[in-house]
Amino acid sequence: MREHIETVRHYHEVTKHHPRHYARGPGQLDWSTQPDPFRRYAGAPLYKLELHSDTDGPGYDAIWTRGQIQPSPVDQHSISQFFLDSLALSAWKQAGGSSWSLR
């Protein structure tokens, strides 16, 4: 077991970014093997999530003052907002015949 942990730690060390340089990588991107930008899992049902306007949440200043933001119930609305804030695609890019999404 210890051998496996050491293997994982070694991999982590040689593949992480540092303040003065990027992690070692393959040197190029293989555009033909991009992952699907939408999260889907075999056997899991798909749910249509709500779309929210930019004014649905608290203002920026409110996050710095304790008690300004009330907890939200865990429901479809709050889960939709959570996924939008943490996983949403921010843009689609295109160059030549290739297109890709940004998070």
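Of the residues making up region 5-22, those that are over 23 Å from L87 (Cβ atoms) and either of a type in the set (K, R) or touching a Ser or Thr at 6+ places or on another chain (Cβ under 6 Å) (or both) number 2.
Residues are listed down the side, and each one gets a yes or a no for (1) out of contact with any strand residue (DSSP E or B) (no Cβ under 8 Å at 6 or more places or on another chain); (2) among the acidic types (D, E); (3) modelled with pLDDT of 85 or more; (4) under 27 Å from S101 (Cβ atoms):
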| position | (1), (2), (3), (4) |
| --- | --- |
| H10 | yes, no, yes, no |
| G27 | yes, no, no, yes |
| Y41 | yes, no, yes, yes |
| A44 | yes, no, yes, yes |
| L51 | yes, no, no, yes |
| T55 | yes, no, no, yes |
| Y60 | yes, no, yes, yes |
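Scanning region 10-23 for residues being loosely packed, with under 10 Cβ neighbours inside 10 Å and either on the phi > 0 side of the Ramachandran plot or among the basic types (K, R) (or both) gives a total of 1. Going by what's in this entry, would S80 be described as touching a Leu at 6+ places or on another chain (Cβ under 7 Å) and part of a helix (DSSP H, G or I)? For S80, the condition - touching a Leu at 6+ places or on another chain (Cβ under 7 Å) and part of a helix (DSSP H, G or I) - is met.
Which members of region 55-77 meet the condition of being of a type in the set (S, T, Y) and in a loop (DSSP other than H, G, I, E, B)? Before you say what the answer is, go through the steps one by one.
First, the residues of region 55-77 that are of a type in the set (S, T, Y): 55, 60, 65, 72.
Listed by number, the residues that qualify are T55, T65, S72.
Listed by first and then second residue, the pairs with beta-carbon distance under 7 Å, at least 6 apart or on different chains, first residue in region 25-54 and more than 13 Å from F83 (Cβ to Cβ) and in a helix (DSSP H, G or I), second of a type in the set (A, V, I, L, M, F, W, C) and at pLDDT 80 or above, form an empty list.
Here is the figure for region 12-24: residues that are part of a loop (DSSP other than H, G, I, E, B) and either over 24 Å from W100 (Cα atoms) or small (G, A, S) (or both) total 3. Applying the criterion of being without any contact (Cβ under 8 Å) to a residue 12 or more places away in the chain and among the hydrophobic types (A, V, I, L, M, F, W, C) to the residues of region 87-101, the residue that is surrounded by the most Cβ atoms within 10 Å (Cβ to Cβ) is W92.
Taking the conditions (1) on the phi > 0 side of the Ramachandran plot; (2) surrounded by 10 or more Cβ atoms within 10 Å (Cβ to Cβ) in turn, L49 satisfies each one other than (1).
The values are calculated or read from the model by the stated rules, or taken from the named source; none is laboratory data. Quick caveat, the model's predicted, so the values are computed rather than measured. Using ideal geometry, Cβ is built from the backbone for each residue, glycine included, and neighbour counts are taken over all protein chains shown.
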